[in-house]
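The values are calculated or read from the model by the stated rules, or taken from the named source; none is laboratory data. Just so it is clear, the model here is predicted, and its values are computed rather than measured. Every residue, glycine among them, receives a Cβ derived from its backbone with ideal geometry; neighbour counts consider all protein chains shown.
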Amino acid sequence: MVADGLCDMLPEYVFAEDPENEFVYAAEETFAYTTAFVVRRGDEWRYNGVKSIFGKRIATGPGWDYSSMSPDYQKYIDDPKNAKSIEVISGYDDVVDRIFRMIAEKRVDLYADNELVLQYVLNRLGLNDVLQVVSPGLENKLFEMPIFSKSIPSEKRQDLIRIWNQGRVLMKGEEEEALLKKYNVKFEN
């Protein structure tokens, strides 16, 4: 929608070195997310490279791309010979909620995502007695950046980018910690 000029900006978009000139990134990232997995409580499985997921039933969403975090994980998900081990959950609002319930019901074994999302959904659904967030996650952090439309006048776009960059810098530290605390999540670095 941003590339098509239907909206001015999107606050989180996976960073790519070459955005194909369809939009403009701001300089300040939204977050650099550490990934983790959610599994059933007591499951001793931990991610140790793509070989560690062999034999596991993995949940994901349609078109979700993990390649910036782990090219090997994405290749495994995309490989047609692994299709019986990959459960693609589609829908609109409750995909991650349904994935958590499917893990609890033993219909899938694991799901990788932003560690903060996993913590938040686990707390919100009250499934801490049934599921757990485990690390390590995928090999690389997920860098999400705001993108701005090239369809808006350059001056307006530059003004919006300036506002974003300044606001994001000012938010770091105590304000960011307060926001994370509000949602009962924290960076586990």
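Go through (1) hydrophobic (A, V, I, L, M, F, W, C); (2) touching a residue at least 40 places away in the same chain (Cβ under 8 Å); (3) within 19 Å of TYR33 (Cβ to Cβ) one by one and return the number of the condition ILE152 breaks.
Failed condition: (3).
Listed residues ARG41, ARG46; which is in contact (Cβ under 8 Å) with a residue 40 or more places away in the chain, touching a Leu at 6+ places or on another chain (Cβ under 9 Å) and not acidic (Asp, Glu)?
One residue alone meets the criteria, ARG41.
Hey, can you tell me all the residues within the stretch 74-118 that are among the hydroxyl-bearing types (Ser, Thr, Tyr) and either outside the structural domain of VAL50 (by TED's automatic domain parsing) or surrounded by 18 or more Cβ atoms within 10 Å (Cβ to Cβ) (or both)?
TYR76, TYR111
Is one or more of the residues making up the stretch 137-145 of a type in the set (A, V, I, L, M) and more than 30 Å from GLY42 (Cβ to Cβ)?
yes
Every residue in the stretch 158-189 that is at pLDDT 95 or above and among the basic types (Lys, Arg), please.
Once the filter is applied, which keeps residues that are at pLDDT 95 or above and among the basic types (Lys, Arg), the stretch 158-189 yields only ARG162.
Among the residues of the stretch 129-148, is there at least one that is out of contact with any His (no Cβ under 6 Å at 6 or more places or on another chain), part of a helix (DSSP H, G or I) and hydrophobic (A, V, I, L, M, F, W, C)?
No, that holds for no residue.
Can you find a residue that is surrounded by 13 or more Cβ atoms within 10 Å (Cβ to Cβ), more than 23 Å from MET145 (Cβ to Cβ) and not hydroxyl-bearing (Ser, Thr, Tyr) anywhere in the stretch 22-37?
Checked against the condition, which is being surrounded by 13 or more Cβ atoms within 10 Å (Cβ to Cβ), more than 23 Å from MET145 (Cβ to Cβ) and not hydroxyl-bearing (Ser, Thr, Tyr), the stretch 22-37 yields at least one hit.
Looking for something hydrophobic (A, V, I, L, M, F, W, C) and exposed (fewer than 15 other Cβ atoms within 10 Å of the Cβ) - is there at least one such residue anywhere in the stretch 53-60? Even if it seems obvious, please write down each step before you answer.
Let us first name the residues in the stretch 53-60 that are hydrophobic (A, V, I, L, M, F, W, C), namely 53-54, 58-59.
Remaining after also requiring exposed (fewer than 15 other Cβ atoms within 10 Å of the Cβ): 54.
Looking through the stretch 53-60, at least one residue is hydrophobic (A, V, I, L, M, F, W, C) and exposed (fewer than 15 other Cβ atoms within 10 Å of the Cβ).
Select the strands (runs of 3 or more DSSP E) contained entirely in the stretch 1-115, then report the ones holding at least 1 residues which are of a type in the set (A, V, I, L, M) and touching a helix residue (DSSP H, G or I) at 6+ places or on another chain (Cβ under 8 Å).
9-14, 23-25, 35-40, 58-60, 86-88, 110-114
Can you tell me which residue within the stretch 156-189, out of those that are among the small types (Gly, Ala, Ser) and part of a helix (DSSP H, G or I), is nearest to ASP8 (Cα to Cα)?
The extreme case among them is GLY167.
Considering only the stretch 116-128, state which residues are outside any loop (DSSP other than H, G, I, E, B) and of a type in the set (A, V, I, L, M, F, W, C). Explain how you work it out, then say what you get.
Filtering the stretch 116-128 for residues outside any loop (DSSP other than H, G, I, E, B) gives 116-125.
Matches in the stretch 116-128: LEU116, VAL117, LEU118, VAL121, LEU122, LEU125.
So which of VAL38, VAL50 is of a type in the set (Val, Ile, Thr) and touching a strand residue (DSSP E or B) at 6+ places or on another chain (Cβ under 9 Å)? Full working, then the answer.
Values: VAL50 fails: touching a strand residue (DSSP E or B) at 6+ places or on another chain (Cβ under 9 Å).
Answer to the check: VAL38.
For the stretch 110-140, name all the residues that are charged (D, E, K, R) and in contact with a Gly (Cβ under 9 Å, 6 or more places away or on another chain).
ASP113, GLU115, GLU139
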